[in-house]
Amino acid sequence: MTGNLFIDSAISVVAIAFMVLAARLAFGRPSGIVTLAAAQDRLAFDEPDFAAIDWLVDADAKAALARNEKGELALLFARGDDIVSRRFPPGALKTGLDGNQLVVSQSDHVTPKIVMQLDDGGNASGWTPAFQQGKR
Amino acid sequence: MTDFSYPDIIAYAVPAFLALILIEIVVARRTGRGRFEANDSATSLIMGFGSEIAPLIGGGAIVAAVFFAAYEFRLATIPNLWWTVILCFVIDDLRYYWWHRISHERRFFWASHVIHHSSQHYNLTTALRQTWTGQVTGQILFRTPLVFVGFHPAMVFFVGAVNLLYQFWIHTELIKRMGPFEIIFNTPSHHRVHHATNPKYLDANYAGTLIIWDKIFGTFVPEDDAERPRYGIIKNLGTFNPIIVAFHEWIGIAKDLVSARSLREMGGYLFGPPGWSPDGSRMTSAKIKERWVAIHGKKSAGDHKGRRKHQ
C-alpha cells in the first residue's frame, strides 16, 4: 500500500465494494426461505431437545414460531440466505396479535422485531396461552 | 546477523487476497461448491478493514512499546538466521494454539474472537472477518515471552504475519482434502471443522499453521464426510450490522455483570466458559455435547477430549 492512511483506506473501501459487488452479481440476493421443513431442520440442529407440538409459519416465508409442551417458544427467522433460531422459556417472548399479523419482539439486542403474516389469525387461537404468557 | 528487517508481507498480500476472493466467487458460482452472500461478505470485509484501523485508534502503540521494552530485558540475543526464524515460527504457532484455545474457552477472550466465527458462511471473506477489540484482550502480550526469551520483536511480528497469511487460504469450501499434507499442516478441511457448530465438531482444531498441536493436546477432530459442517455460532446473530457484530458479546457481558449478585457471578460471567450462568440455564458447548450424546449416543458427538468451544 502507499503508507498514506487516507489513500490506503480509500483503496480498501473501493476494493471491498468491488468484492461485494462481485458476490452480488455471482450469487444474486438470495433470501432465506422459512418453510416449515426448513424451520424444522434448523430447529432440529440448534435445539435438538425441542419437541415442537405446533407451528405457525409466516405466509411470506420470513419466520416461523414453534411451541412445545412446556410452553417454550422457538422463533426462527431469515437472516440473509440462512435461518437463525431463538429459544424462549415461557413468558420471555413479547408478542402481539393484530388480525392476521403477529408481531414478535424481544429484549435481545442482536435480534430485530419480527412481523409474521398469518394466513388466518384464527390459527393462532390455540397459541393464546403462550402469547398471554409472553405479553408484558 | 543483526539486521532484523523483514518485508511487510501483509501489504504485499492484499492484492492476492482480492484476486483469490474473486476467483473463489467465480469458481463457487460455477461448481456450486461454495456459498457467498453479498451482505455477509460486506460485513466480513468491513470487519477486516476495521480491524486494521482499530489498533491505530486504541492501544496498538502502547502494546508495541511494551513489546520492545521486553526486548531490552531479554534473557539472550537470538541471531537472525534462517533456522532461528523457523524456530520462532514454530514456537509462535504453539503460542497461537493456546491463545486461540483460550479465546474459545474463556468469555472475556471469546468476546473479541467471536467476531471471526459470527458468519454462517465459510469462504475467503470469512478469513478477513476479524475483531476490532483484539487490543482490549491484550493478545499481543501473549507473545511477549518470545521477545523476553530473546527473539527480536521484528522477527516475532514477521512470523505472526506469516501465520496470519497462512490462515487466509484455509477458509474455503472449494478445497476438499489434501492427502499427507493434512498430517502436519492445518488445511481447509481441518479448519471447516473448527468453524462448525455441529456438536461433534465443537472444541476442535485450534491450530494456526501446524495441526500437530491439536493432535498433541487432544483437540483434533477430522472432518466427517457424512456430517457436513454448519457454520456460525451457537446463537447466530440476527443482523449484519458491523457495530453489533463487533460489540455484541461485550454488551452481553456488560448486561450480565450489571445483573450479577456476587463477585463469584461476576467472575463467572467474565472468565467462565462462554454460555456460563449461575443457575446453569444457558448452554456451554460442554452442555451442548452432553445434550447431543443424550439424544443421539456418544459416537455421533465425537469422542475427542476437547472441552468447550463457543456459545
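About its Cα centre, how strong a charge dipole does the protein assembly as shown have in debye, to the nearest 20, once Lys and Arg get +1 and Asp and Glu get -1 at the Cβ?
Using Cβ point charges on Lys, Arg, Asp and Glu, the protein assembly as shown gives about 680 debye.
If the only charges are +1 at each Lys and Arg Cβ and -1 at each Asp and Glu Cβ, what is the size of the charge dipole of chain A around the Cα centre, to the nearest 20 debye?
Approximately 360 debye in magnitude.
Which whole DSSP H helices in chain B pass both tests: a Cα extent of 27 Å or more along the axis and a mean Kyte-Doolittle value no lower than -0.5?
B:9-31, B:38-57, B:82-105
Which is farthest toward the positive dipole end of the range B:155-311 among B:Phe181, B:Thr284, B:Gln167, measuring Cα position about the Cα centre, with Cβ charges +1 (Lys, Arg) and -1 (Asp, Glu)?
Farthest along the dipole direction, towards plus: B:Thr284.
Rounded to the nearest 10 degrees, what's the angle between the helix A:5-27 long axis and the longest principal axis of chain A, both from Cα atoms, 0 to 90?
50
Compare the Cα positions of A:Ala66, A:Val34, A:Gly3 along the charge dipole of chain A (+1 at Cβ of Lys, Arg; -1 at Cβ of Asp, Glu; about the Cα centre) and return the one farthest towards the positive end.
Toward the positive end, the furthest listed residue is A:Gly3.
Compute, for chain B, the length of the dipole vector about the Cα centre, with Cβ point charges of +1 (Lys, Arg) and -1 (Asp, Glu) only. Units Debye, rounded to 20.
The dipole of chain B has a size of about 1040 debye.
For the pair B:Leu270 and A:Leu36, what calculated FRET efficiency results from E = 1/(1 + (r/R0)^6), where r is the Cβ-Cβ distance and R0 = 45 Å, to the nearest 0.05?
Calculated value: 0.65.
Please list, by residue number, every one of the chymotrypsin sites (Phe, Trp or Tyr not before Pro) in the range B:21-87 that is coil in DSSP and has at most 10 other beta-carbon atoms within 10 Å.
B:Phe73
For A:Ser105 and B:Ser5, what is the calculated FRET efficiency with R₀ set at 60 Å and r taken between the beta-carbons, to the nearest 0.05?
0.60
Taking a temperature of 10 °C and a viscosity of 1.306 mPa s, what whole-number D in µm²/s does Stokes-Einstein yield for the protein assembly as shown with Rh from Kirkwood over alpha carbon pairs?
Here the translational diffusion coefficient equals 68 µm²/s.
Loop only by DSSP, 16 or fewer other Cβ within 10 Å of the Cβ. Give me the trypsin sites (Lys or Arg not before Pro) in the range B:134-180 that pass, ordered by residue number.
Sites meeting the loop and neighbour criteria: B:Lys176, B:Arg177.
Using only Cα atoms, what Kirkwood radius does chain B have, in angstroms?
Computed over Cα pairs of chain B, the Kirkwood hydrodynamic radius comes out at 20.5 Å.
Among B:Thr144, B:Phe271, B:Leu94, whose Cα sits farthest toward the positive end of the charge dipole of the protein assembly as shown (+1 at Cβ of Lys/Arg, -1 at Cβ of Asp/Glu, about the Cα centre)?
Positive-end residue among those listed: B:Phe271.
Taken together, the values in this text are just the output of simple stated rules run on the coordinates, not laboratory data. Worth saying up front: this structure is predicted, and the values here are computed from it rather than measured. Cβ coordinates were reconstructed from backbone atoms using ideal geometry, including for glycine residues, and neighbour counts include every protein chain displayed.
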